[in-house]
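Report on the structure given below.
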Amino acid sequence: MSTLDSKIPEGHISQKWTDYKDHLKLVAPNNRPKIDIIVVGTGLAGSSAAASLGEMGYNVKAFCFQDSPRRAHSIAAQGGINAAKNYQNDGDSIFRLFYDTIKGGDYRAREANVHRLAEVSGNIIDQCVAQGVPFAREYGGLLDNRSFGGTQVQRTFYAAGQTGQQLLLGAYSALSRQIGLGRVKMYNRHEMLDIVKVDGKARGIIARNLVTGEIERHSAHAVVLASGGYGNVYFLSTNAMGSNVTAAWKAHKQGAYFANPCYVQIHPTCIPVHGTNQAKLTLMSESLRNSGRIWVPKKKEDAEAIRAGKLKPTELAEDERDYYLERKYPAFGNLVPRDVASRAAKEVCDEGRGIESNDTNEGVYLDFSTEIQTKGRQAAYAKGNHNPTSEEVTALGKQWLEEKYGNLFTMYQKITDENPYETPMKIYPAVHYTMGGVWVDYNLQSTIPGCFVTGEANFSDHGANRLGASALMQGLADGYFVLPYTLSNYLADEIRTGKISTDLPEFNEAETRVKELINTFLANNGTKSVDYFHKKLGLIMWNKVGMGRNEKGLNEAIVELAELKAEFNKDVYVPGSADELNPQLEKALRVADLIELGQLMAMDALQRNESCGGHFREEYQDAEGETLRDDQNFSFVGAWEYKGDNINDEVLHKEELKYEFIKIAARNYK
């Protein structure tokens with residue numbers, strides 16, 4: 001066990017980043033064309049980084065496994081992006097955004113990184129507006145804001161229910177300009193399968209052309225991983241089905257520590273599972289909790305009648321409904337953080353009051369009827385109608401909802417065939433985001449020199465629970481406003497290095513590793529599909545390393561995952577060949593990494609004998625069922641070092657979390 005050097009600068013929290021930037025080394029404009037940089041992933045973090053580095057004059061190679069950067073999973077983000085602009089004059093500030101993020105993460109994030117994130121948040125909005133991102137605006141033309149969970153201010157900027165899509169189009173336009181100028185070379189339909197180290201430094205990657213199957217070598221003076229999170233270890237998640245951990249995991253196997261893998265976010269507002277053949281879950285934006293009220297029947301018998309189709313939710317009187325978040329957390333109500341809302345939903349469903357007629361009876365209602373009446377009356381009054389009929393109020397209220405959330409309501413209706421304007425939405429928590437990831441220092445550099453990691457792929461900003469609308473903020477902050485400074489500081493020592501040859505022995509070895517793994521799967525005389533094993537992995541993870549965890553279940557999961565890995569390696573069947581488009585081979589390579597990651601997640605959850613944020617150990621909760629942290633023994637980042645094929649041999653390193661500017665306290669949203 002060793003102490004990790006996070007390279008956090010000295011000084012007051014409000015000046016750390018500014019002072020640090022002032023003393024970083026630079027690369028002169030005439031030297032930048034001598035430097036090659038690889039960026040893996042082209043979501044918000046990757047596209048913004050590649051565009052920024054290209055604009056600066058570096059030679060950039062960008063890789064994505066999709067057919068276009070526009071298909072990165074960032075496009076699926078719905079609700080908004082946080083920034084401390086205080087446009088609503090409701091008391092927001094950089095410090096308050098910093099504080100809310102630390103508190104929301106249950107005091108398990110690094111102070112300096114989070115404050116930097118809050119500092120640059122305002123710049124992100126200015127950048128995106130300049131790119132033409134169509135943020136929602138108020139009647140007078142000023143940018144609009146709404147609330148998100150875990151805050152008592154309105155700081156979330158949004159573009160209807162498709163904020164991620166609009167932000168990604170902005171970043172993609174900046175990236176496309178650099179591609180057109182020849183500063184960025186784009187490799188679509190390419191997947192990184194290993195990282196290459198030369199003399200201990202990251203010097204390139206091995207990538208597979210997913211169309212032809214060709215294995216390619218690419219060299220660079222630095223490698224940036226912006227490859228997203230690992231939620232698909234649970235099989236069912238809100239992530240795109242192609243999302244995977246392979247790039248990050250291959251870096252881990254080459255020496256990059258993996259931090260806090262057990263920190264997983266369960267999003268409280270997703271469409272419930274409807275059957276065993278389902279392959280993906282759908283998010284309903286957290287922004288809906290601004291207007292919807294979450295409830296279940298007070299009586300178990302009423303819930304049973306609803307599940308049996310004998311009772312409609314609209315037939316249940318107000319005093320027969322339990323608005324459990326408003327009851328338990330009056331100060332924040334339906335806008336408590338995601339981990340709190342998710343556990344509360346599980347609790348009422350475990351009591352038998354779930355309303356969804358599926359295998360587990362798990363589901364709660366998100367009801368907009370109150371908002372329809374409130375907004376309808378306000379709209380009527382604004383039109384001069386001070387005594388509107390109930391029909392007029394309802395019509396105007398629905399119109400207001402449609403303007404605010406129309407695309408989300410349409411999506412819900414297409415999936416469920418139920419009209420959320422007329423009957424409450426059915427929702428239930430689902431895996432959505434991963435706070436854990438590759439360990440990075442203040443410079444966003446991993447424990448492999450020259451390997452930088454940004455966005456959801458790293459662990460750095462969200463602690464044990466991410467606040468809503470902060471993922472987009474982190475991805476763009478890293479790519480536009482942090483990495484260009486810190487990466488240049490590293491590259492200042494590389495201007496005399498010259499071109500990195502791909503004929504070096506290290507490239508030969510990495511390519512051989514990749515080809516041998518591919519050939520092993522293709523030569524396997526197995527009988528079961530990749531999806532068969534992926535589903536088994538998901539069931540183990542959800543049931544034993546999911547929303548509720550305990551020592552017995554985690555120990556069982558570690559054994560079961562080791563058995564699953566052995567069975568997968570022995571009995572998986574991968575059709576086709578290596579030199580062609582082969583989606584099953586792609587999936588096999590990804591699932592192999594997810595199984596190993598699942599083992600590490602269970603180990604990490606087992607060693608952390610406390611409950612914090614999204615990591616809820618059932619043995620560690622207070623009398624009211626809230627998380628019970630152990631700040632004396634577990635106020636650290638757990639970073640794991642790879643030690644060979646047996647995941648049980650991984651070594652845990654600890655980075656102590658020091659809070660100088662925020663007082664640690666029990667989270668209280670009541």
Structure-based [θ]222 nm, the chain - -39500 (n - 2.57) summed over DSSP H runs of at least 4, per residue, nearest 500:
-11500 deg cm²/dmol
What does the convex hull of the Cα atoms of the chain come to per residue, in Å³, rounded to a whole number?
153 Å³
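Please state the relative contact order of the chain as a whole percent: Cα pairs under 8 Å, 6+ residues apart?
Result for the chain is 21 percent.
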Of the residues 490, 530, 476, the Cα lying farthest along the dipole of region 471-531 towards its positive end, which is defined by charges on the beta carbon of Lys, Arg, Asp and Glu, belongs to 530
What's the angle, to the nearest 10 degrees (0 to 90), between helix 94-104's Cα axis and the longest principal axis of the chain?
80 degrees
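May I ask you to derive the relative contact order of region 414-533, considering only C-alpha pairs under 8 Å and at least 6 residues apart, and to give it as an integer percent? The partial results should precede the final answer.
Working: 62 pairs, mean separation 20.6, N = 120.
Reported relative contact order: 17 percent.
Pulled fully out, how much extra length does the chain show between residue 414 and residue 301, if you take 0.36 nm times their separation in residues and subtract their Cα-Cα distance?
Taking 0.36 nm per residue and subtracting the Cα distance, the gain is 37.7 nm.
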Give the Cα extents of region 494-576 along the principal axes, in whole Å, largest first.
54, 36, 17
Once you have the Cα-Cα distance between residue 652 and residue 485, take 0.36 nm times their residue separation minus that, and quote the gain in nm to one decimal.
57.1 nm
Quick one: grab Rg to one decimal and Dmax as a whole number for region 349-426, Cα atoms only, in Å.
15.4, 50
Per the Kirkwood formula over distinct C-alpha pairs, the hydrodynamic radius of region 251-381 in angstrom is 16.6 Å
Give, rounded to the nearest 20 debye, the magnitude of the charge dipole that region 572-670 has about its Cα centre when Lys and Arg contribute +1 at Cβ and Asp and Glu contribute -1 at Cβ.
360 debye
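Determine the per residue accessible area of region 347-470 with all protein chains present and a 1.4 angstrom probe, expressed in square angstrom.
Details: 4530 Å² over 124 residues.
With the other protein chains kept in place, region 347-470 gives 37 Å² per residue.
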Working from the alpha-carbon coordinates of region 177-276, get Rg over Rh, Rh being the Kirkwood radius.
1.04
Rounded percent of accessible protein surface that carbon and sulfur make up, region 355-492, 1.4 Å probe
46 percent
Can you give the Rg/Rh ratio of region 292-355, where Rg is from the C-alpha atoms and Rh is the Kirkwood radius?
0.98
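Starting from region 532-589, pick out the GluC sites (Glu not before Pro) whose DSSP state is loop and whose Cβ has at most 13 other Cβ atoms within 10 Å.
Those that pass, being in a loop and sparsely packed, are 580.
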Sorting 75, 98, 109 by the position of each Cα along the dipole of region 72-128 (Lys, Arg +1; Asp, Glu -1; all at Cβ), the one nearest the positive end of that ordering is 109
Would you mind checking the tilt of helix 163-180 against the longest principal axis of the Cα atoms of the chain, expressed as 0 to 90 degrees and rounded to 10?
30 degrees
Just for the Cα atoms in region 459-523, what are the lengths along the principal axes, largest first, rounded to whole Å?
44, 41, 16
Report the rotationally averaged projected area of region 411-550 based on its alpha-carbon convex hull, in square nanometres.
15.1 nm²
Give the peptides 300-311, 217-228, 140-151 in descending order of average Cβ contacts within 10 Å, highest first.
217-228, 140-151, 300-311
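Taking only protein heavy atoms into account and a 1.4 Å probe, give the accessible area per residue of region 1-105 in Å².
Values: 4450 Å² over 105 residues.
Result: 42 Å² of accessible area for each residue.
Of the heavy-atom accessible surface of region 215-254 (probe 1.4 angstrom), what whole percent is carbon and sulfur? Could you put the intermediate results ahead of the total?
Numbers: 360 of 700 Å².
Carbon and sulfur atoms account for 51 percent of the accessible area of region 215-254.
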Cα coordinate range in region 373-488, projected on the principal axes (Å, largest first)
68, 32, 22
Give, in nm to one decimal, the length gained when the segment between residue 543 and residue 407 is fully stretched (0.36 nm per residue of separation minus the Cα-Cα distance).
45.7 nm
I'd like the Kirkwood hydrodynamic radius of region 570-635, using the inverse of the mean 1/r over distinct C-alpha pairs, in Å.
15.0 Å
From the Cα trace of region 1-100, what convex hull volume per residue do you get, rounded to a whole Å³?
221 Å³
How much accessible area does residue 12 have with a 1.4 Å probe, in Å² rounded to the nearest 10?
100 Å²
Average the reciprocal distances over every distinct pair of alpha-carbons in region 71-214, invert the result, and give the Kirkwood radius in Å.
17.9 Å
Contact order normalised by length for region 394-465, with contacts defined as Cα pairs under 8 Å and 6 or more residues apart; what percent is it?
21 percent
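For region 608-652, with all protein chains present and a 1.4 Å probe, just round the carbon and sulfur fraction of the accessible area to a whole percent. Numbers along the way, then the final one.
Details: 780 of 1960 Å².
Ligands and nucleic acids excluded, carbon and sulfur reach 40 percent.
The values are calculated or read from the model by the stated rules, or taken from the named source; none is laboratory data. This is a predicted model, so every value here is computed, not measured. Cβ coordinates were reconstructed from backbone atoms using ideal geometry, including for glycine residues, and neighbour counts include every protein chain displayed. To get the accessible areas, we keep the full protein, side chains included, count just its heavy atoms, and leave off ligands, DNA and RNA. Shrake-Rupley method; radii C 1.70, N 1.55, O 1.52, S 1.80 Å.
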